[in-house]
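Data block below; observations after.
The values are calculated or read from the model by the stated rules, or taken from the named source; none is laboratory data. In this text, all values refer to a predicted model and were calculated from it rather than measured experimentally. Heads up, the Cβs are rebuilt from the backbone with ideal geometry, glycines too, and the neighbour counts pull from every protein chain shown.
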Amino acid sequence: MFNNKDQQLADKILNFSCELKEGQNVMLQLVGLNGIGLLRALVKKVREMNAHPFVQIEDTEVRRILAEKGDKEFWKNQAETDQLPLMKKMDAFVGIRASLNIYEQADVSKKANKAYADYFADPVHFKERVNNTNWVVLRYPSEAFAMNARMPTQKFRDFYYKACLLDYSELAEAMKPLQKRLEDTKKIRLEGEGTDIEFSVKGQTWIPCFGKRNIPDGELFSSPVLSSVNGHITYAPSVYQGKPFEFVKLEVCDGVVVDSDSSDNEALEEILDTDAGARQFGEFSFGLNPVIEEPMYDILFDEKIYGSNHLTLGNDYEIAPNGNESNIHWDLVCIGADVYLDGEKVREGRTFIADDLKGLNPENLLSD
C-alpha cells in the first residue's frame with residue numbers, strides 16, 4: 001500500500017508542516033501517478049486524525065493538454081466554477097508533484113502560460129491558497145528524478161528521504177543567528193566566479209523556512225530593495241516552464257536586467273519579456289539544507305542547496321514584499337559565492353566562517 005518512509009513523511013507533512021487539526025479540511029493534490037503511495041499514506045493519516053481529505057489526482061499528460069489548449073475564458077471558468085470556491089473551504093493544502101517528465105510542458109506557448117497564470121494560478125493559488133491555508137508542496141522520487149540528479153535510483157531515494165525527513169526544528173534553531181544578522185544588515189554582496197552583485201536589504205523582512213511550506217526545506221528569505229540591485233550574476237542549471245537552462249547569466253542595473261546570456265537565449269528572452277516585473281527581483285534567499293549538495297534541475301530542491309543563494313526573478317511574496325509584481329517567480333540559484341554583509345565576509349564559498357554562523361555548516365547539522 002505504502003512504505004514506511006512514506007508513512008513517516010505523511011506524519012511530518014500533516015503534523016509538522018500543515019499542523020492539521022481535527023475537523024479541518026485538507027486538499028491532497030497529486031500531479032502524476034507516481035506518488036500514489038504517499039497519497040494513500042496521507043489519506044489514511046488524515047482520517048485517523050478525524051480530518052477531511054479532498055483528493056485530486058491529475059495525469060500529467062492531461063494537464064499538458066489543458067495547458068496547451070487553455071485560454072483566458074477556460075481558466076477563468078475553471079477557477080470560478082470549481083477550484084476557487086473549493087480552495088476557500090480548505091484549511092490546508094498538500095501538493096505532491098510526481099511527474100516522470102519535468103519537460104512535459106516545454107512546448108506550451110507563452111500566451112497559454114500567461115492565461116493559466118493570470119486566470120487560474122494567481123487567484124486560486126497565489127492569492128487564496130498561499131495566503132489562507134497551511135500549505136506544503138513537495139516532489140516525489142522516481143527513476144526519472146534520479147536520472148536528473150545523476151544518481152542510481154536507490155541512492156537517490158535514500159537521499160530524498162534524508163533531505164525531506166531532516167530535523168527541521170534543529171535547523172530552525174541554527175538559522176536564528178543568521179536571521180538576527182540579516183535583520184540588522186543594510187547591504188549584501190555576492191562575489192564569485194561569474195558573479196559580483198550587490199543590493200540593499202535595509203528594513204526588509206526575513207522569513208526562516210524549516211519544513212512548513214516546502215519539503216524538503218531549508219532557506220532564509222527576504223527581498224531586495226527593488227531598484228538597488230546592481231552587478232552581474234551567474235546561475236546554476238535550472239528548469240522553468242518545462243524549459244531546461246544549463247546556465248543563466250544576468251547583467252543588472254538599478255534593479256532591472258539589462259543584458260543576459262544562457263544556453264537558450266530565445267526561451268530566456270521570452271520569460272524576461274513576460275511583463276515588466278519579470279526583469280526585476282522579488283526574492284533573495286540563503287539555501288541551508290545540509291543534505292542537498294548539487295543542482296538536479298528541480299527548483300524545489302535546488303533552491304535549498306547549502307552554500308547557495310537564489311536571487312529570484314519576478315513576483316515578490318506578500319510576507320516579505322518589495323513591490324515587484326509579475327506572472328513569473330523563477331528561483332535561479334547561485335552556488336558558492338562569497339557573501340558579504342555590510343562589508344564583512346560571513347561565508348567563503350559554501351562555508352560560513354563567522355563564528356556565530358558556523359552552526360549552519362553541514363558538519364554541525366548532520367549526525368552521520
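What residue, among those in region 4-31 that are assigned to a strand (DSSP E or B) and not β-branched (Val, Ile, Thr), is farthest from Pro216 (Cα to Cα)? Reasoning before the result, please.
Here is the first cut: in region 4-31, the ones assigned to a strand (DSSP E or B) are 25-31.
When the remaining residues are screened for being not β-branched (Val, Ile, Thr), the result is 25, 27-30.
Numbers: Asn25: 23, Met27: 19, Leu28: 17, Gln29: 17, Leu30: 17 Å.
The residue in question is Asn25.
Could you list, in sequence order, the residues of region 92-113 that are assigned to a helix (DSSP H, G or I) and modelled with pLDDT under 90? Even if it seems obvious, please write down each step before you answer.
Step one: filter region 92-113 for residues assigned to a helix (DSSP H, G or I), giving 110-113.
Selection gives Lys110 alone.
So which strands (runs of 3 or more DSSP E) stay within region 307-356 end to end and still have 3 or more residues that are more than 16 Å from the chain's Cα centre (by Cα)? Step through it out loud before you land on a result.
Values: elements: 308-314, 333-335, 338-341, 344-348.
Filter on region 307-356 gives 338-341, 344-348.
Of the residues in region 233-265, how many are in contact (Cβ under 8 Å) with a residue 24 or more places away in the chain, assigned to a strand (DSSP E or B) and of a type outside the set (A, V, I, L, M, F, W, C)?
Number satisfying all stated conditions: 7.
Anything in region 169-184 that is small (Gly, Ala, Ser) and within 20 Å of the chain's Cα centre (by Cα)? List them, or say none. Lay out the reasoning, then the answer.
Pass one, region 169-184, residues small (Gly, Ala, Ser): 169, 172, 174.
Residues satisfying the conditions are Ser169, Ala172.
Please go through (1) closer than 22 Å to Met151 by Cα; (2) aromatic (Phe, Trp, Tyr); (3) surrounded by fewer than 19 Cβ atoms within 10 Å (Cβ to Cβ) for Tyr340 and return the number of the only condition it doesn't satisfy.
Unmet condition: (1).
Name every residue in region 164-175 that is buried (at least 19 other Cβ atoms within 10 Å of the Cβ), touching a strand residue (DSSP E or B) at 6+ places or on another chain (Cβ under 7 Å) and assigned to a helix (DSSP H, G or I), in order of residue number.
Of the residues in region 164-175, the ones buried (at least 19 other Cβ atoms within 10 Å of the Cβ) are 164, 166, 168, 171, 174-175.
Narrowing the set further to residues that are touching a strand residue (DSSP E or B) at 6+ places or on another chain (Cβ under 7 Å) leaves 164, 166, 175.
Within region 164-175, Cys164, Met175 meet the criteria.
So, in region 131-151, exactly how many residues are over 20 Å from the mean Cα position of the chain (by Cα) and either surrounded by 17 or more Cβ atoms within 10 Å (Cβ to Cβ) or modelled with pLDDT of 95 or more (or both)?
Selection size over region 131-151: 1.
Hey, any hits in region 32-39 for a residue that's under 21 Å from the mean Cα position of the chain (by Cα), within 22 Å of Ala146 (Cα to Cα) and outside any helix (DSSP H, G or I)?
Taking region 32-39 and keeping what is under 21 Å from the mean Cα position of the chain (by Cα), we get 32, 34-35, 38-39.
From what's left, within 22 Å of Ala146 (Cα to Cα): 32, 34-35, 38-39.
Add one more test, that the residue is outside any helix (DSSP H, G or I), and what stays is 32.
Within region 32-39, one or more residues are under 21 Å from the mean Cα position of the chain (by Cα), within 22 Å of Ala146 (Cα to Cα) and outside any helix (DSSP H, G or I).
Considering only region 33-49, I want to know if a residue exists there that is at positive phi and touching a residue at least 12 places away in the same chain (Cβ under 8 Å).
For region 33-49, residues at positive phi and touching a residue at least 12 places away in the same chain (Cβ under 8 Å): absent.
Across region 251-282, what is the number of residues that are more than 15 Å from Asn315 (Cα to Cα) and within 20 Å of the chain's Cα centre (by Cα)?
Our first condition is that a residue be more than 15 Å from Asn315 (Cα to Cα); within region 251-282, this holds for 251-254, 258-270.
Narrowing the set further to residues that are within 20 Å of the chain's Cα centre (by Cα) leaves 268.
Within region 251-282, residues that are more than 15 Å from Asn315 (Cα to Cα) and within 20 Å of the chain's Cα centre (by Cα) number 1.
Do you know which residues across region 81-94 are in contact (Cβ under 8 Å) with a residue 24 or more places away in the chain and either surrounded by fewer than 19 Cβ atoms within 10 Å (Cβ to Cβ) or touching a Ser or Thr at 6+ places or on another chain (Cβ under 9 Å) (or both)?
If the condition is that a residue be in contact (Cβ under 8 Å) with a residue 24 or more places away in the chain and either surrounded by fewer than 19 Cβ atoms within 10 Å (Cβ to Cβ) or touching a Ser or Thr at 6+ places or on another chain (Cβ under 9 Å) (or both), then Leu84, Leu86, Met87, Lys88, Lys89, Met90, Asp91, Ala92, Phe93, Val94 are the ones that fit.
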